[in-house]
Each structure stands twice: as structure tokens, then as C-alpha cells.
Amino acid sequence: MPGNLQPAAPNGVMPFSLCTAFTELREYAQLQDQYRDGTIQRSQLAQTSRRMFRLSKRLSASALATLYNFWVSQNGGLTPFAFYNPFDVLADQQIGSNYDPTGNNTQGRVTVVFRGNWAQVTELARSNVQALELVEVA
């Protein structure tokens with residue numbers, strides 16, 4: 001039926017060793033106009049925020065290779081995949097206990113795509129991938 005959007009189907013699950021390297025951010029999309037008299041008119045575009053995850057950890061050579069190989073397997077970031085937020089667990093559960101390599105567990109699972117290009121800076125024993133982040137897709 002035209003006009004109906006199907007939810008994105010994840011193709012793969014990000015390796016558990018990389019899930020803790022990302023920090024969650026929230027983005028609230030809105031329209032904003034400022035008039036000559038200084039008044040601002042704002043309107044919200046969505047009812048909920050969009051979740052984003054930014055790489056916030058310097059990676060060892062093996063973790064960098066794992067991330068790069070996963071990025072390549074996702075067609076350079078174009079294919080949606082499942083990401084498990086290790087901190088999105090129920091009360092009295094251990095951090096990271098929600099991870100499921102099959103992608104069947106819904107607790108903490110977010111369907112995301114990569115946003116940004118691969119830009120790597122290698123320093124002493126660690127590397128940064130600066131422009132890469134994960135963005136939630138519905």
C-alpha cells in the first residue's frame with residue numbers, strides 16, 4: 001500500500017566487544033524560525049527523540065579491525081543492523097547481559113545504520129575513528 005513504511009530489517013548484529021565503545025546521544029528534530037523582532041517559533045517534527053551512538057573510546061588494533069570488518073560487511077554503513085545498548089537492561093540485571101548474537105532479544109536492541117565516513121587517526125597503540133556514529137532507524 002503506498003504511503004506505508006515498513007520497519008527496517010536488521011542484517012547482522014554488532015559484535016559485543018564493540019558495543020561498550022559507544023555513548024548514547026538523543027536528537028530531537030524540530031523546525032525553528034526566528035523573526036526580525038527576536039521571537040522564535042519552534043515546532044517539533046517527531047513525538048520521540050532519535051537515538052544516536054557516537055564512538056567514544058580509542059580502539060586497539062584488534063578492536064579497530066573488528067569494527068572495520070563489520071563496517072565493510074554492512075556495505076560501508078548502508079545496511080541496517082542490530083546494536084545492543086549494554087546499559088539498557090532491566091533492574092537487577094548486569095550491564096551487558098542483554099546482548100544476543102542472534103538478534104532475537106528485544107531488550108536493549110536498536111536497529112541502526114552507520115552515519116559518516118571512515119576517517120581513522122592512529123596514535124600510540126590506539127586508534128580513533130572520529131566521524132563514525134550509529135543512528136537509529138525506525
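From the list ALA91, ALA82, the lone residue that is among the small types (Gly, Ala, Ser) and either assigned to a loop (DSSP other than H, G, I, E, B) or closer than 15 Å to ALA21 by Cβ (or both) is ALA91.
Please verify whether the range 54-76 includes one or more residues that are in contact with a Leu (Cβ under 7 Å, 6 or more places away or on another chain), surrounded by 14 or more Cβ atoms within 10 Å (Cβ to Cβ), assigned to a loop (DSSP other than H, G, I, E, B) and not hydrophobic (A, V, I, L, M, F, W, C). No; the residues of the range 54-76 include none that is in contact with a Leu (Cβ under 7 Å, 6 or more places away or on another chain), surrounded by 14 or more Cβ atoms within 10 Å (Cβ to Cβ), assigned to a loop (DSSP other than H, G, I, E, B) and not hydrophobic (A, V, I, L, M, F, W, C).
Would the range 23-45 turn up any residue that is assigned to a loop (DSSP other than H, G, I, E, B), within 16 Å of the chain's Cα centre (by Cα) and surrounded by 11 or more Cβ atoms within 10 Å (Cβ to Cβ)?
no
Filter the range 100-113 down to residues that are farther than 18 Å from PRO7 by Cβ and buried (at least 19 other Cβ atoms within 10 Å of the Cβ), then give me how many there are. Of the residues in the range 100-113, 0 are farther than 18 Å from PRO7 by Cβ and buried (at least 19 other Cβ atoms within 10 Å of the Cβ).
Every number in this text was worked out from the coordinates using simple rules, so none of it is lab data. Please read these numbers as outputs of a predicted model, since none were measured by experiment. Backbone-built Cβ (ideal geometry, glycine too); neighbour counts: all protein chains shown.
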